[in-house]
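Scroll down for the structure; my scribbles are underneath it.
The values are calculated or read from the model by the stated rules, or taken from the named source; none is laboratory data. Only a predicted model underlies this, so the values are computations on that prediction, with no experimental measurement involved. Cβ placement follows ideal geometry from the backbone for every residue including glycine, while neighbour counts extend to all protein chains displayed.
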Amino acid sequence: SQKIEQNSEALNIQEGKTATLTCNYTNYSPAYLQWYRQDPGRGPVFLLLIRENEKEKRKERLKVTFDTTLKQSLFHITASQPADSATYLCALDRGHMDSNYQLIWGAGTKLIIKP
Amino acid sequence: ETGVTQSPTHLIKTRGQQVTLRCSSQSGHNTVSWYQQALGQGPQFIFQYYREEENGRGNFPPRFSGLQFPNYSSELNVNALELDDSALYLCASSLGTSGSSYEQYFGPGTRLTVT
């Protein structure tokens, strides 16, 4: 079955630096990969979606890359701010091409931006 | 804040009992997904409904069942509650079409405790 690995250890970054989070997956290549932010006690908030035929996607200070050869996605936050501190989750699926649609999630990486 | 609401916010049940959780989708969304999230873990996909039909199901037993109504609101029912069912239950709505993947808009969740 598909598995997703995200760094379970918290990532501590100095304010103003670039934070890079990793999402590795096994087995089949997903058609889509999504990144979400989750704050304690709240539901995840969508950030970016990247398709398998896209190498990179950007949104303001956020950048996502998708390497289907390495089976890896990297999530970058440039000019990081303390307000960026949260848990970041990646999720992948194959779209609704299967009769049994599933969205598979990683456990998330906790990001701490220090002033 | 998304337009997705869930009720109740918190719930305490006894092992063996049954529970119904409710979700109201964001306006215009036709797809709803339910997730179970244990503390420190990523969301686990329970199932998804697209236009009132179950569109996909995760690795959960049949005692987890659901419904989607014509107005696209949804219910999650869990029978014969077990202690391990204690978790945060998240509902997410999206505008889905067959063959695609779309960002999910999450509600605040229902915290279920089984004693």
Search region A:91-103 for residues that are facing another protein chain (nearest Cβ under 7 Å) and pair each with any residue that is at pLDDT below 65 when their beta-carbon atoms are under 7 Å apart and the residues are at least 6 apart or on different chains.
A:GLY95/B:GLY99; A:GLY95/B:SER100; A:HIS96/B:SER98; A:HIS96/B:GLY99; A:HIS96/B:SER100; A:MET97/B:GLY99
If a residue counts only when it is closer than 23 Å to B:TRP34 by Cα, which strands (runs of 3 or more DSSP E) contained entirely in region A:25-115 have at least 3 such residues?
A:32-38, A:45-51, A:86-93
Are any residues in region B:30-60 closer than 15 Å to B:SER86 by Cα and out of contact with any strand residue (DSSP E or B) (no Cβ under 6 Å at 6 or more places or on another chain), and if so, which ones?
B:LEU39, B:GLY40, B:GLN41
Just one listed residue, out of B:TYR72, B:TYR89, B:TYR105, B:TYR35, is farther than 16 Å from A:ALA91 by Cβ and either within 14 Å of chain A (Cβ to nearest Cβ) or in contact with a helix residue (DSSP H, G or I) (Cβ under 7 Å, 6 or more places away or on another chain) (or both), and it is B:TYR89
Do any strands (runs of 3 or more DSSP E) entirely within region B:4-115 hold 3 or more residues that are crowded, with 21+ Cβ neighbours inside 10 Å, and if so, which?
B:31-37, B:44-50, B:74-78, B:87-94
Filtered residues of region B:52-69 (kept if within 14 Å of another protein chain (Cβ to nearest Cβ) and farther than 18 Å from B:TYR35 by Cβ):
B:GLU53
